[in-house]
1. If each residue of separation counts as 0.36 nm, what is the full-extension length gain between L515 and R400 once their alpha-carbon separation is subtracted?
2. Would you please give the FRET efficiency between V195 and K537, computed as 1/(1 + (r/R0)^6) with r the Cβ-Cβ distance and R0 = 45 Å, to the nearest 0.05?
3. How much length would be gained if the chain were fully extended between E135 and N236, taking 0.36 nm per residue of separation minus their Cα-Cα distance, in nm to one decimal?
4. With a 10 Å radius around each residue's Cβ, average the other Cβ atoms per peptide and rank 269-280, 133-144, 68-79, highest first.
5. Rounded to the nearest 0.05, what FRET efficiency do K59 and I297 have when you use their Cβ-Cβ distance and R0 = 51 Å?
6. Provide the FRET efficiency to the nearest 0.05 for the I564-V317 pair, computing r from the beta carbons and using R0 = 25 Å.
7. Quick one: if you stick a label point 7 Å off each Cα along the C-beta vector at A124 and D290, how many nm between them?
8. About its Cα centre, what dipole magnitude does segment 204-353 give when the only charges are +1 on Lys and Arg Cβ and -1 on Asp and Glu Cβ, stated in debye to the nearest 20?
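Every number in this text was worked out from the coordinates using simple rules, so none of it is lab data. From a predicted model like this one, the values you see are computed outputs, not experimental measurements. For neighbour counting, all protein chains shown are included, and Cβ atoms are generated from backbone atoms with ideal geometry for every residue, glycine included.
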Amino acid sequence: ASSKLLLLCTLSLSGGGVVAYSESQADVSKTSVQVNEKDCKKKRVVVLGTGWAGISFLKDLDVSAYDVQVVSPRNYFAFTPLLPSVTCGTVEARSIVEPVRNMIKKRNGEIRFWEAECTKIDAANKKLLCRYTVENNLVGNVEFSLDYDYLVIAVGAQINTFNTPGVLENCHFLKEVEDAQKIRRSVIDCFEKAVLPGLTEEEGRINLHFVIVGGGPTGVEFAAELHDFVNEDLVNLYPSVKDLVKITVIQSGDHILNMFDERISCFAEKKFSRDGIDVQTGCRVISLSDKEITMKIKSTGEVCSVPHGLVVWSTGVETRPVVKDFMAQIGQANRRVLATDEWLRVKGREDVYALGDCATINQRKVMEDIAAIFKAADKDNSGSLTIKEFEDVIDDILLRYPQVEHYLKSKHLRSVTDLLKDPEGKDRDEVDIEGFKLALAHVDTQVKSLPATAQVAAQQGSYLSKCFNRKNQCEDNPEGPRRFKGSGRHQFRPFQYKHLGQFAPLGGEQAAAELPGDWVSMGQSTQWLWYSVYASKQVSWRTRVLVVSDWTRRFIFGRDSSRI
Ligand code: FAD
């Protein structure tokens, strides 16, 4: 494949073809090759990643204005919200993926795609080192380099084990399509092993103990899917062990789904308790072996070990090494996530953009400004504002910084609005500024980091493509539209996240949803809303038809339990 890749490079280049990469370039291997410019009149845009952010950027980009190349180790886009459904065969893996080359074909082939991983971003020389990572015995070079004028980093994040011993060796993860396929096979393995002759009941019980570490949306949805798979399909096929199955969710916080409205957490916990799914909150996993999971109960400090058959680790994500290395080059080594400004530009690197799970918008300046607005409003230094003054300040903030509206107007405001009531729930006449600062500190942490969701990534991709499409126009007219002239204001409005709601499917045709405006919806009708939203959000008619037919097949015939 690497030789084909080289051939492809050579054929697709109108100019100088493929040239050997200079040996003097310190970080680039002698064996790598450099892909030359295709059209020197156009600016070269390189996009890293074909996930939600990358694909949504490419979907709307005016490719005729740029020389666009895409690098990703995955030659497909995966609809991640349906990954938990793949683990139990409710939906087939190939139904939720769309080949990148199909998407490129629709853009008249004006985008070039390289199936490779970017291993180094050389920010000083505007170069990328990429590597073909599929292990096989095909001949030819595996490394090449690319020059860019603009770089769009959309590489997502990787699973975070929090350095817990034994996790990498003994856990399943639910991040990629391959992970979901592995889990599907392993669940069937556990059942086939449990029914073998000669196993004691206790051994069967251990093999059929499914543990999910992490009570966030992914862990909860997987637990719900697994429960349905077991109770709707597997108990009929493995009746002798049906009473031995146990599903446990281990959560370090006090509630599962704690990023959702508390009504949803409560609904989910009650539903799981009715279904017999054991939810252990306030427990932190400290180590794992192939046989046991050891955890610490936070309230008592007690340490206990539980035998398991299969563990799925779903506790969050962290920055990928290539991004960490880039952060070290640009002076962000002490940060956890790559910081951008509100136009998604990497701080200090105007030609590099970062979006999706690999980046976060740093709004420290905005929060400092908001604190200053409050200080200024407290003219008599009394430490409090009247309700009218308080409301005016909030309006002022929203006018200046519309991007914080999601936080100030959504559930995070609850801590702020609580300040408007006294402990007996009566309206106060004045708002205590110190109290407000505490509430603001809470908003601050939320504002600084948008949730790592497909929704944020897709909106950022689409925002950035609009900026790119207007770039030429803005370069010709650097001061922006007439109404901003002389104001020094940036030509583009900053990225503003619109929260369109979030679903939590809970199994048994029940789902919960947090909808815009703090609306909460729960039950069977919400599950139908989930079906319709997820069918409509598919990236192509092909995947839409496949997903809907998988759901129909499941309704009629049940899920397939073959271990393929
Ligand atoms: P990704 O979609 O992860 O894409 C990253 C891309 O970069 C991939 O193509 C990858 O192959 C590529 N890449 C990686 N390393 C490199 C490299 N070195 N060089 C080049 N390319 C590279 N969000 C929701 O809003 N709703 C949901 O219901 C939901 N459910 C989820 C369920 C699961 C099981 C999971 C795992 C996630 C879910 N999410 C959901 C979160 C959502 O998937 C992520 O927030 C989203 O994928 C982030 O998009 P991204 O483009 O930043 O990263």
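1. Values: separation 115, 0.36 × 115 = 41.40 nm, distance 2.52 nm.
Full-extension gain reported as 38.9 nm.
2. Numbers: r = 39 Å, r/R0 = 0.87.
Here the calculated transfer efficiency is 0.70.
3. Details: separation 101, 0.36 × 101 = 36.36 nm, distance 4.03 nm.
So the chain would gain 32.3 nm between E135 and N236.
4. Going by the mean number of other Cβ atoms within 10 Å, highest first, we get 68-79, 269-280, 133-144.
5. 0.60
6. 0.30
7. Between A124 and D290, the label points sit 4.7 nm apart.
8. On the way: 18 positive and 21 negative charges, 93 e Å.
It works out to roughly 440 debye.
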